[in-house]
Amino acid sequence: MAAGSHRRHSVRESPNNRRPDTTPYNPRTLRRAARQFAHDVHRDGCPTDRAFDRFLPESLRQLSSQYWSPLVVARRAAEWFDAAGVQRVVDIGSGAGKFCVAGALFGRCSFTGLEERPFLVKSARRLARLFDVNDRVRFVLGSLGDVPAPSGDAYYFYNPFGDYSFETDAVPRNRTAQEERYRRDVAAAEDLLRGAPSGTWVLTFNGFGGRMPEGYELLRVDSELPSALRLWRRRSHSQAT
């Protein structure tokens with residue numbers, strides 16, 4: 001997840017986009033609406049974020065454009081991952097689960113989200129069950145560096161270490177503590193990538209705050225999205241030399 005405003009990206013209109021932006025609260029109706037949304041994704045391409053966000057709790061829905069990955073990014077990521085033969089994707093800082101769940105709807109990969117806030121993990125798991133992708137999407141509670149990073153063929157970063165605040169957060173961190181935590185998180189991400197085996201893919205949307213370690217080759221860039229989407233792959237030792 002990441003903070004910041006982004007320019008709008010045109011999205012193909014589907015029947016789902018034209019539905020009123022209302023969230024059905026009856027569980028049976030909600031599940032039926034989710035099945036229809038998934039059907040529209042496979043038939044019509046990319047619905048609007050507004051159409052997807054209605055399945056989030058209202059408090060998280062209001063934060064979507066600021067913190068969660070846009071659907072056009074999830075769709076492009078799924079296309080690139082499927083083309084590269086990626087099977088397992090780890091989303092560092094998965095937030096409300098939007099990227100993982102949408103990525104599973106758009107493509108064939110399995111996804112693991114790592115998120116430090118329990119209420120976001122709970123909401124993300126609910127979202128995966130609602131869209132019936134919990135066989136390919138799971139969420140782990142913890143912070144990078146504090147718990148072992150889930151293993152995967154690819155890692156996704158959407159500026160996950162920014163200064164985010166939620167109504168449910170307890171005592172606000174002071175500025176010094178926030179900056180120290182940010183540096184620690186970025187260092188943990190760089191350590192993760194340095195220790196990743198050759199062939200590992202890394203997808204960044206608006207970066208992660210650090211620098212890609214040596215040995216990674218930039219293979220694809222999409223600059224037409226709200227922020228640049230970059231796909232990297234770690235070269236083998238023979239290629240690096």
Practice prompt. Fewest Cβ neighbours within 10 Å first, please rank F99, F52 accordingly.
Written response: F52, F99
Worksheet item: Given a Förster radius of 30 Å and the C-beta distance between R50 and S151 as r, what FRET efficiency does 1/(1 + (r/R0)^6) yield to the nearest 0.05?
Response: 0.30
Item to complete: Would you tally the net charge around E190, using a Cβ to Cβ cut-off of less than 12 Å, leaving E190 out, and scoring K and R as +1, D and E as -1?
Response: +1
Worksheet item: Which order results if S69, S64, S223 are arranged by neighbouring Cβ count within 10 Å, fewest first?
Response: S223, S64, S69
Worksheet item: If you add up the charges near A154, with Lys and Arg at +1 and Asp and Glu at -1, over every other residue whose beta carbon is less than 12 angstrom from its beta carbon, what do you get?
Response: 0
Discussion item. Translational diffusion coefficient of segment 69-240 at 4 °C, 1.567 mPa s, Stokes-Einstein with Kirkwood Rh over Cα pairs, in µm²/s as a whole number.
Written reply: 79 µm²/s
Discussion item. Going by Cα centres, segment 50-86 and segment 136-156 are how many Å apart?
Written reply: 18 Å
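A short reminder: the numbers here are calculations on the coordinates, not readings from a lab. All values reported here derive from a predicted model rather than from experimental measurement. Here the Cβ is made from the backbone with ideal geometry for all residues, glycine too, and neighbour counts use every protein chain on show.
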